[in-house]
């Protein structure tokens, strides 16, 4: 079959390797998030996305139908308290996922990568807006059982499921069961694309042009079974993206070291220009960080 020629399927050992869940990073995210909660609550945060899309009921038509249930413990809190807890979990998710992305590196290198990841525009953007990319990242850490949490951002995280056969089967099963329960809900998300892509800062291929999707397909074909490289290719295949969505790619900083890590960090900052200058060719800069991630993880 032609699909078996894809590198992430051709490497049968990696594709078929067991995917045991390490619960320590998940516990670190949860416990650390609770401990940081009071401090994060002191930060200046607008939380527009959090309040308008998640706290106000019935306002999330472009998210999977189980999202409201997952967020229920946070949305039951006063909205500002829920925003602070969401953001503290986001900070912990970025730090823990980056530090743990390559256990073979020494602790100093891993901690340095975590610090760099926290000092990037996608983190600041998500803290300001109050979006849920950090929760999706925790779901990725808990793959495959955490697939339901990861898929609250399916346009970002579904590509990571291609890294292992087990995660692919989990995503497929969740998708089929959810359609049996809620009907063909992806159609509702697709129906929202026109409204979402009207945002002047959107950087998906629906705004930047179909060649971006073609490039993404080419990168996907030559991707290794690495969830972050697969997601970086998938970024270009998504019709709708915002600059803050690249937060789920930040742990790639922990997979490289030396000058490549510094270059990747600089690329994250340059990509932020897509948010500061949303008109014209500057929007293409929003793709620089995903492209840099793909190249840095290419072996």
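Values quoted throughout were computed directly from the atomic coordinates according to the rules given, and no laboratory measurement underlies them. Values in this document were obtained by computation on a predicted structure and should not be read as measured data. Neighbour counts run over all protein chains shown; Cβ positions are idealised from the backbone, glycine included.
Which of rounded, prolate, oblate describes region 17-96, given a ≥ b ≥ c as roots of the alpha-carbon gyration tensor eigenvalues and a/c under 1.5 marking rounded, otherwise prolate only if a/b is larger than b/c? Verdict is oblate for region 17-96. If you average the sequence gap of Cα pairs under 8 Å that are 6 or more apart and divide by the length of the chain, what percent do you get for the contact order? Relative contact order of the chain: 22 percent.
Rounded, prolate or oblate, given the Cα gyration tensor of region 208-252, with a/c below 1.5 counting as rounded?
Oblate shape, in that a/c is at least 1.5 and b/c is the bigger or equal ratio.
Estimated purely from DSSP H runs of n ≥ 4, each contributing -39500 (n - 2.57), the mean residue ellipticity at 222 nm for the chain is -17000 deg cm²/dmol once divided by its residues. Could you tell me which of rounded, prolate or oblate describes the chain, using a ≥ b ≥ c as the square roots of the eigenvalues of the alpha-carbon gyration tensor, with rounded for a/c under 1.5 and, failing that, prolate when a/b is larger than b/c and oblate otherwise? Cα axes put the chain in the rounded bin. In plain terms, the residue of 245, 257 with the fewest other Cβ atoms within 10 Å comes first and the most crowded comes last, giving 257, 245. In this rough spin-label picture, where each label sits 7 Å from Cα along the Cβ direction, the residue 72-residue 217 distance is 4.1 nm. The ranking of 296, 232, 109 by Cβ neighbour count inside 10 Å, starting from the fewest, reads 109, 296, 232. In terms of surrounding Cβ atoms within a 10 Å radius of their Cβ, 222, 51, 235 rank from fewest to most as 222, 51, 235. Normalised by the number of residues in region 129-265, the average gap of Cα pairs under 8 Å and 6 or more apart makes the relative contact order 26 percent.
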